[in-house]
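Scroll down for the structure; my scribbles are underneath it.
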Amino acid sequence: ILNGIKKFAISKDIYFLDKLLKKYKTIIFVNGCFWHKHEGCKYFVVPKTRTEFWLNKINRNQERDKEVKKQLAKMGWHSITIWECELKPSNKDKTLDSLLYTLNKIFLLNYRVKPYKIVEKEMFMNVAENSDVENGKITEK
């Protein structure tokens with residue numbers, strides 16, 4: 001699933017480099033722990049030099065990520081974030097199992113059978129109230 005990485009556009013304003021799964025109407029973001037500020041992760045460490053510059057840059061990345069996900073949700077797309085640390089050999093199998101589970105849930109949600117709308121009985125009752133059936137013929141009242 002994560003082999004193909006390509007650049008694509010969902011709309012004229014949303015371009016990024018990750019994985020698009022049309023069948024699931026889902027986008028998988030593979031985020032670098034440093035570049036996207038993975039809180040609590042050992043791979044996210046604030047640099048000791050030019051700290052303000054880096055924090056501003058990383059915070060802008062986070063804000064952009066939130067905005068893009070909001071726009072995608074408005075267009076009916078699902079988004080999944082996988083962190084760099086989750087693809088390390090010790091975590092990869094667990095991450096891929098979790099991804100498959102999530103994609104199955106999304107598939108079931110997208111392709112569930114939607115209930116039919118039942119036509120109200122009152123429409124038919126009004127017609128019946130305004131007529132009589134005598135000898136197999138309908139006569140208006």
- Taking placed amide H atoms and a strict 5 Å upper bound, the residues 5 or more places from His78 or on another chain that come that close are Thr26, Ile27
- Message: Let me understand the range 23-80 better: what is its radius of gyration from the alpha carbons, and its Dmax, in angstrom?
- Response: 13.7, 45
- Message: Test of the criteria: in the range 30-76, which GluC sites (Glu not before Pro) are in a DSSP loop and have at most 12 other Cβ atoms within 10 angstrom of their Cβ?
- Response: Glu39
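For the range 57-98, what percent of Cα pairs sit more than 11 Å apart?
Numbers: 603 of 861 pairs.
Roughly 70 percent, rounded to a whole number.
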- Message: Output wanted: per-residue J couplings in Hz (rounded whole) for the range 30-36, from phi through Karplus 6.51 cos²θ - 1.76 cosθ + 1.60, θ = phi - 60°, x for Gly and Pro.
- Response: 9, 9, x, 4, 6, 5, 10
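Only the coordinates and a few stated rules stand behind these numbers; no lab work does. In this text, all values refer to a predicted model and were calculated from it rather than measured experimentally. Quick reminder, even Gly has a Cβ in these numbers, built from the backbone with ideal geometry, and neighbours come from all protein chains shown.
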